[in-house]
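Since every read-out is calculated from the coordinates, none of them should be taken as a lab result. If you're wondering where the values come from, they're calculated on a predicted model, not measured in any experiment. No Cβ is skipped: glycine too gets one built from the backbone with ideal geometry, and neighbour counts run over all protein chains shown.
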Amino acid sequence: MAFLPLEIAKAIRPVHWLKNLSVFAALVFSGNLFELSLLYRVFFLFLIFNVAASSTYVFNDLLDADKDKLHPIKKQRPVAKGTITKLQALVIAGVLAILALLLAYYFLSYLIFLLIFGYLLLQASYSLFLKHISIVDILIIATGFIVRVFAGALIIDAHLSVWFLLCIISVALFLAAGKRRAEIGLIQTPGQTRKSLTNYSIELLNSYVTMFGNAAWMSWALFTFFESPKAAMPVWLFLAELSKATTINKLLMLTIPVTIFGIMRYQSLIFAGKSEAPEKTLLTDIPLVSSVVIWAGMVVWILYSGVSV
């Protein structure tokens, strides 16, 4: 007999919480990473998104239980296996959704409450019928990433530049298209597990992945070029005296090759059918993990080693 708390822990998919770290994006790029009051608010928002996202995962598993039984990986999910009943799944999803809304309303703000409510409504609509519509399903998956970033900006009242928004949108579409591409390569009869997959071909999804991958690195490159912090520390000012090519706004462009490598690596995993769960891929593929760590370290170092206030 299955241990229910353990099965619940599996059903809420804590490994998928990794994508909720995107709420910290605005905090980092607004120069407020070390402002403790803002950091606490964003961290609490991260926790709320974990609860809200887990609610949507359980609800989706409830609706997809029969089809998940035919999937080589998803058949191990608690609802599909039957270790959590559909009624229990409905109760868990409902409790988590209500908890997320209450936490947002009483501990953050009414605007965050509305945003979390909209997120839950969007994900419920996706689970009920939008996931069956090709192209729309990819757009909804991408929207989930964008909502997280926007929520992180909203909670600290930060401005997001148009280039940064384009980068987020492109990366979100890249991940969503990659998820579908990996899934269609994994399933022998796509229509059995997901209706929308019958309207995709591998060639079409390949073109989506390529298009959004190019858009992602290009929009990031434009962001580093147009949205750069000012040099303040003496070392940067000294370098700037030597050559304009060594000022801090140019240094941020050093992250572009790392970005391109990360996208190329992830794209190779997509075509190998290993990206159906982006958060698991990000935790297990050493070259990809390394590129993300190096990129994040470079961004923080450049933005916070000499930015004027």
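Taking 20 Å as the straight-line reach from the Cα of residue 280, the aspartates and glutamates in range (excluding those fewer than 8 positions away in the same chain) are 7, 61, 68, 183.
With N as its number of residues, region 1-111 has a Cα radius of gyration that, divided by 2.2 N^0.38 Å, comes to 1.25. Sorted ascending by nearby beta carbons within 10 Å, beginning with the fewest, 58, 136 become 136, 58.
In what sequence, highest mean first, do 170-183, 38-51, 282-295, 103-116 appear when ranked by Cβ atoms within 10 angstrom?
Numbers: 170-183: 24.4, 38-51: 19.1, 282-295: 15.2, 103-116: 17.1.
Result, highest mean first: 170-183, 38-51, 103-116, 282-295.
Sequentially through region 67-75, phi angles give Karplus couplings (6.51, -1.76, 1.60; θ = phi - 60°) of 6, 4, 5, 8, 8, x, 10, 5, 5 Hz, Gly and Pro residues having no value and appearing as x. Placing +1 on the Cβ of every Lys and Arg and -1 on the Cβ of every Asp and Glu, with nothing else charged, gives region 1-103 a dipole about its Cα centre of roughly 300 debye. The Stokes-Einstein estimate for region 87-151, based on a Kirkwood radius over Cα pairs and taken at 25 °C with 0.890 mPa s viscosity, is a diffusion coefficient of 193 µm²/s. Annotated for region 1-160: lysine pairs at least 8 residues apart or interchain, Cα distance under 12 Å, count 5.
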